[in-house]
Amino acid sequence: MPLPLRTLAFMRLEQMLGRPIEDVQDFPARREGRLRLQRSAVGRAIFGTPDPGVETFERTVRIGGRPRRLLVHRPHAGTGLPAVLNLHGGGWVQGNPEQSAWFASRVAARTGVVVVSPEYRLAPEEPFPAAVEDAWAALSWLADEGDCLDVDPGRIAVMGDSAGGGLAATVVLLARDAGAPRLAAQVLLYPGVEAYDRWPSEDEHANAPVLTSRNMRTFVRLYLGEQHGTLDWRASPIRHEDHSGLPPTLVVVAGVDPLADNGRRYAERLGAAGVQVRLEEFHDAIHGFVSLPGVQPQAAGAVRSVSEFLDDRF
């Protein structure tokens, strides 16, 4: 199926203006530039804005001994609501909670849950396992102290996209292994769950928009730093020896994405372990599509799918 015209136009703009991650030297400047773009008129047209049907606000809390900024999307009505910890993408190197605000806020509006999107430390300044530690600390904080947001600590799910999807899969495994918190569900959007193996979708879509094969390999090297080559499963959650006992899972895959087989194979692994898992593919979608509602109409379909899945779990 051909890509929509607005997606093709975005691809052309990206080729003209974008600078691949492998050519970046100043990572803080890169992040600041991306945030400025998100806040510009053009950026708002591409990335969207939070749903007016929810309250979106920032909160800084102490997590894991460090101050951490949260972007919270809360329905206007209700107390003791379920909560979803949402981990943003960006190759563990860039990205911010704002880039998924359009998607996260709409999930909050449709389901009546509070979606909490935390910052976490980014590579290469803070390499693996810093992001894992921060994601786990954020989940533990939400379960133990989330009452300050008036959420129900007994009804928590974890969601993440791309690198954030890999972090989400990791902290769900950590929670299972620790015996707490008990999670209602996990939602993994085109997750990165394998650091090294090269699967067919990476070759098929090696030069896809937003994320190329070369980008993928660069992000992993930057993320792992001196630990590149580690077999620690937290860097590749698909390598955990046991995937049984995990909560019901929705895996969303973009069809035009070198990471597509990461999601497909993780869903297979979970299913083989007896986990209730649903795989949904958006065949003409590109990597990152839930954060690109202005150029990827499939983003609205993903909101519906994720919201229906979470409604069933809560």
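The values are calculated or read from the model by the stated rules, or taken from the named source; none is laboratory data. Keep in mind that what you see is a predicted model, and the values were worked out from it rather than measured. All Cβ positions, even for glycine, are placed from backbone atoms using ideal geometry, and neighbour counts span all protein chains on display. Please note that ligands, DNA and RNA were not included when accessible areas were found on the heavy atoms of the full protein model with its side chains. Shrake-Rupley method; radii C 1.70, N 1.55, O 1.52, S 1.80 Å.
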Kindly indicate whether any position in region 275-291 is closer than 22 Å to Q38 by Cβ, of a type outside the set (D, E) and assigned to a strand (DSSP E or B). yes
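Condition check ((1) of a type in the set (G, A, S); (2) in contact with a strand residue (DSSP E or B) (Cβ under 6 Å, 6 or more places away or on another chain); (3) under 20 Å from V132 (Cβ atoms)) across all residues:
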residue	(1), (2), (3)
Q186	no, yes, yes
G192	yes, no, yes
W199	no, no, no
L211	no, no, no
M216	no, no, yes
F219	no, no, yes
L222	no, no, yes
L231	no, no, yes
Selection over region 171-184 where residues are open to solvent by 10 Å² or more (accessible area, probe 1.4 Å), in contact with a strand residue (DSSP E or B) (Cβ under 8 Å, 6 or more places away or on another chain) and outside any loop (DSSP other than H, G, I, E, B) yields a count of 0
Residue check for T230: hydroxyl-bearing (S, T, Y), touching a residue at least 60 places away in the same chain (Cβ under 8 Å) and surrounded by fewer than 17 Cβ atoms within 10 Å (Cβ to Cβ): yes
Being among the polar types (S, T, N, Q), at pLDDT 95 or above and open to solvent by less than 10 Å² (accessible area, probe 1.4 Å), is that true of even one residue in region 237-246? no
Residue among G179, G146, G154 that alone is free of Cβ contacts under 8 Å to residues at least 24 places away in the same chain, farther than 13 Å from N262 by Cα and small (G, A, S): G179
Please name all residue pairs, on different chains or six or more residues apart, with Cβ atoms under 7 Å, provided the first residue is in region 71-90 and is among the β-branched types (V, I, T) and the second residue is part of a loop (DSSP other than H, G, I, E, B). T79/D150; V84/V113
Being open to solvent by less than 50 Å² (accessible area, probe 1.4 Å), part of a helix (DSSP H, G or I) and not small (G, A, S) is the requirement here; does E194 meet it? no
Is it fair to say L259 is open to solvent by less than 30 Å² (accessible area, probe 1.4 Å) and either on the phi > 0 side of the Ramachandran plot or touching a Gly at 6+ places or on another chain (Cβ under 9 Å) (or both)? yes
Being open to solvent by 20 Å² or more (accessible area, probe 1.4 Å), assigned to a strand (DSSP E or B), more than 21 Å from P191 (Cα to Cα) and at pLDDT 90 or above narrows it down to one of T49, T60, so name that one. T60
Exactly one condition in (1) among the aliphatic types (A, V, I, L, M); (2) without any contact (Cβ under 8 Å) to a residue 40 or more places away in the chain; (3) open to solvent by less than 30 Å² (accessible area, probe 1.4 Å) is false for L37; which is it? (3)
Of everything in region 2-21, what is in a helix (DSSP H, G or I), in contact with a Leu (Cβ under 9 Å, 6 or more places away or on another chain) and either modelled with pLDDT of 90 or more or open to solvent by 70 Å² or more (accessible area, probe 1.4 Å) (or both)? Give them in sequence order. I21
Would it be correct to say that R304 is closer than 18 Å to A168 by Cα and either open to solvent by 30 Å² or more (accessible area, probe 1.4 Å) or in contact (Cβ under 8 Å) with a residue 24 or more places away in the chain (or both)? no
Which ones in region 262-298 are in contact with a Pro (Cβ under 7 Å, 6 or more places away or on another chain) and buried (at least 22 other Cβ atoms within 10 Å of the Cβ)? N262, G263, Y266, I286
Q25 being loosely packed, with under 12 Cβ neighbours inside 10 Å, among the polar types (S, T, N, Q) and at pLDDT 90 or above: yes
Only one of T170, T212 is farther than 26 Å from V275 by Cα and at pLDDT 95 or above, namely T212
Taking into account only those residues within region 204-227 that are of a type in the set (G, A, S) and assigned to a loop (DSSP other than H, G, I, E, B), which is farthest from the chain's Cα centre (by Cα)? A206
